Amino acid sequence: MASTLFSANLSSAADGRESLLEQYRQVRRQTETLCQPLVTEDYCIQTMPDVSPPKWHIAHVSWFFETFLLLPFDSDYRLFHPCFGTLFNSYYVTHGQPFPRPQRGLLSRPTVAEIYRYRAYVDEAMTALLTTLPEARWDEIRPRLLLGLHHEQQHQELLYTDIKHILAFNPLRPAYQTPTLPPPAGATRLEWLEFAGGIQTIGHESEGFCFDNETPRHRVYLNDYALGSRLVSNGEYLEFMDAGGYQRPEYWLADGWNAVRQQGWQAPLYWEQQDGQWWLMTLAGMRPVGEQEPVCHVSFYEADAYARWAGKRLPTEAEWEWAAALQPVRGNLRESGYLHPAPATGDSGLQQLYGDVWEWTQSPYAPYPGFRPLAGTLGEYNGKFMCSQMVLRGGSCVTPADHIRPSYRNFFYPGDRWQFSGIRLADER
Ligand SMILES: [Fe+2]
């Protein structure tokens, strides 16, 4: 595996049919490569309602192409199985009633082998469709194809997070991969980088792909502000823990303090103490907590409490995006192969902006002014979740490099911890 920081672009508006067909093959292949270390039993487990069994993911992304491309664009297409439309529909209720999410792990059938046959069936039909579709219909199918590819990449990231949860749940703490560590790094001083406020513009602007929630581009007002030059490290987070961070309600939002007490949180998810030392679970198994690594698997509540303890705050998503707009999209993303956040390198400027961990912002996930969801059932993709969740920015160590951009808005509930989520601090200037 390459150990370099990686960046790339999945597609541009100029890509033709051949290029898109190759991108389709590549993304589908990447999903299957990702699953190669799994044994059959790993594919079937659901360790909490938010986690889906890997076999569900790899069927669901095929269902997406079947439902939104093959059925509307190929009049000769025949369903692989009449019940898969219910089993592998995630949340598109205008399409039909999905099978209950918390019970996905209770289904022994279809088998993993049958689901791989389903994938191959869809791939064969998609290849024929993309090869033979008349030029006149190409403009119609192209946006859906790109959405399907980026949708599958989102599920590739979810596969990593869900596989990690599945393996960490097991007292044997099995490893997904052999350890691949970043180069050793010394402590990097946290500096404050200042940004001028004023009326700025955020939202997607290039001709490349974006999700509907990144639009429309619009003006925002920012006060002058400062961002931490790097992510908050495990060592810094340990200082918060040692200062009684999880025992002192004054640092916490009311909902956060309730979560601390009800869930018994005393450390980030996947941390455990062995003989007085903190260890954490990685996709390469257990290892001692590295003090220079970014803290990971913290909820919004923990990020917010840490920031309050530190006398700082979390950035808004507009502050993050405005600062990121001129930065190259590169970092410790999936292609580096670590699948674990890496220490800051000590470079000047904003470090760890992309990759490593998704950065919690203080911005609620809400529509931009003038937002219009996609038409029809695909309008359910993003818009209906714009309530009660918080925005995260920048991608993580399991995000594909050609899937992230400055305007990308990820969103999770404030108590969620199983994503690769961490902390960058902000302050007034
Ligand atoms: Fe999905």
Qualifying residue in segment 254-268 (condition: surrounded by fewer than 17 Cβ atoms within 10 Å (Cβ to Cβ), under 26 Å from Gly383 (Cβ atoms) and under 26 Å from the mean Cα position of the chain (by Cα)): yes
Residue in segment 139-147 that is within 16 Å of the ligand (Cβ to nearest atom), surrounded by 20 or more Cβ atoms within 10 Å (Cβ to Cβ), farther than 22 Å from Phe68 by Cα and touching a residue at least 60 places away in the same chain (Cβ under 8 Å) present: no
Filter result for Thr127 (part of a helix (DSSP H, G or I) and within 16 Å of the ligand (Cβ to nearest atom)): no
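Could we say that Tyr368 is farther than 30 Å from Ile166 by Cα, hydroxyl-bearing (Ser, Thr, Tyr) and either surrounded by 22 or more Cβ atoms within 10 Å (Cβ to Cβ) or in contact with a His (Cβ under 7 Å, 6 or more places away or on another chain) (or both) here? Explain how you work it out, then say what you get.
Numbers: farther than 30 Å from Ile166 by Cα: yes; hydroxyl-bearing (Ser, Thr, Tyr): yes; either surrounded by 22 or more Cβ atoms within 10 Å (Cβ to Cβ) or in contact with a His (Cβ under 7 Å, 6 or more places away or on another chain) (or both): yes.
The answer is yes for Tyr368.
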Counted residues, segment 54-103 - those being surrounded by fewer than 20 Cβ atoms within 10 Å (Cβ to Cβ), more than 14 Å from the ligand (Cβ to nearest atom) and among the basic types (Lys, Arg): 1
Helices (runs of 4 or more DSSP H) enclosed by segment 7-106 - at least 3 residues per element that are touching a residue at least 24 places away in the same chain (Cβ under 8 Å): 17-35, 54-65
Unmet criterion (only one of (1) closer than 22 Å to Met390 by Cβ; (2) surrounded by fewer than 21 Cβ atoms within 10 Å (Cβ to Cβ)) for Leu238: (1)
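Going through Arg117, Arg144 one at a time, which residue ends up being among the charged types (D, E, K, R), under 30 Å from Arg405 (Cα atoms) and in a helix (DSSP H, G or I)? Working first, answer last.
Details: Arg117 fails: under 30 Å from Arg405 (Cα atoms).
So the residue among Arg117, Arg144 that is among the charged types (D, E, K, R), under 30 Å from Arg405 (Cα atoms) and in a helix (DSSP H, G or I) is Arg144.
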Residue within segment 161-173 that is surrounded by fewer than 22 Cβ atoms within 10 Å (Cβ to Cβ), among the hydroxyl-bearing types (Ser, Thr, Tyr) and within 16 Å of the ligand (Cβ to nearest atom) present: yes
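Coordinate-derived values only; no laboratory data. Computed from a predicted model, the values in this text were never measured in an experiment. Positions of Cβ are backbone-derived with ideal geometry, glycine not excepted, and every protein chain shown enters the neighbour counts.
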